[in-house]
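Reviewing the structure listed below.
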Amino acid sequence: MPAASSWGEEGYWRVWLNEKNQWIYPHLRAAQARMTGLAQKFPNAAGLPERALKQAARELLLAQSSDWPFILHTGTSPDYAAARFKEHIRCFLSLHAQITRQAIDEPMLSALEWTDNLFPNVNYRYWAGSGA
């Protein structure tokens, strides 16, 4: 059986999980759980709620980028990496609250869709476990 390994420093995942970046992972786990809850609660969303759910998925994926812990570890621009991570988590949490309250701020959503517009066809339902 192959051993776990990585192209990262020392051949394992220390680059992505160490004393300089470990603080991001509790936030990512909590956001992941919240996204799963949203996808399960709103499996048939359409219109504005579906747009908000898709953008929440995008913000979570952006927060999960391996770039942020890598940059925090290497120290090349840690303030930038921390700010980007925090911004994506903040946007995700804002969308989560709006979706949960069923009070979506459409101008804010439109601005996020324009700014963070990767994965235009992201399927938020993936987080429900159905893959539908």
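The values are calculated or read from the model by the stated rules, or taken from the named source; none is laboratory data. These numbers were taken from a predicted model, which means no experiment stands behind them. Cβ atoms come from the backbone with ideal geometry, glycine included; neighbour counts cover every protein chain shown. Ligands, DNA and RNA are stripped out before the accessible areas are found, and what is left, the full protein with its side chains, is counted by its heavy atoms. Shrake-Rupley method; radii C 1.70, N 1.55, O 1.52, S 1.80 Å.
How much length is gained on full extension from Asp105 to Lys41, taking 0.36 nm per residue of separation minus their Cα-Cα distance? Full extension from Asp105 to Lys41 adds 21.1 nm.
Distance from a point 7 Å along Cα→Cβ of Glu19 to each backbone N in the range 49-71: keep the residues under 19 Å and list them by number. Zone members listed by number: 69-71. Bridging of Lys20 to lysines at a Cα separation below 22 Å is possible for Lys86, once same-chain residues fewer than 8 apart are set aside.
If each DSSP helix of 4+ residues adds -39,500 (n - 2.57) and the sum is divided by the residues in the chain, what number results at 222 nm, nearest 500 deg cm²/dmol? Please report the intermediate quantities before stating the final value.
Details: 5 runs with 77 residues, N = 132.
Counting only the DSSP helices, I get -19000 deg cm²/dmol.
Residue-normalised convex hull volume from the C-alpha trace of the chain: 130 Å³ per residue.
Available extension along the chain between Asn123 and Tyr80 is 12.6 nm, counting 0.36 nm per residue and deducting the alpha carbon span.
Counting heavy atoms of the protein chains alone, Arg90 has an accessible area of about 120 Å² for a 1.4 Å probe.
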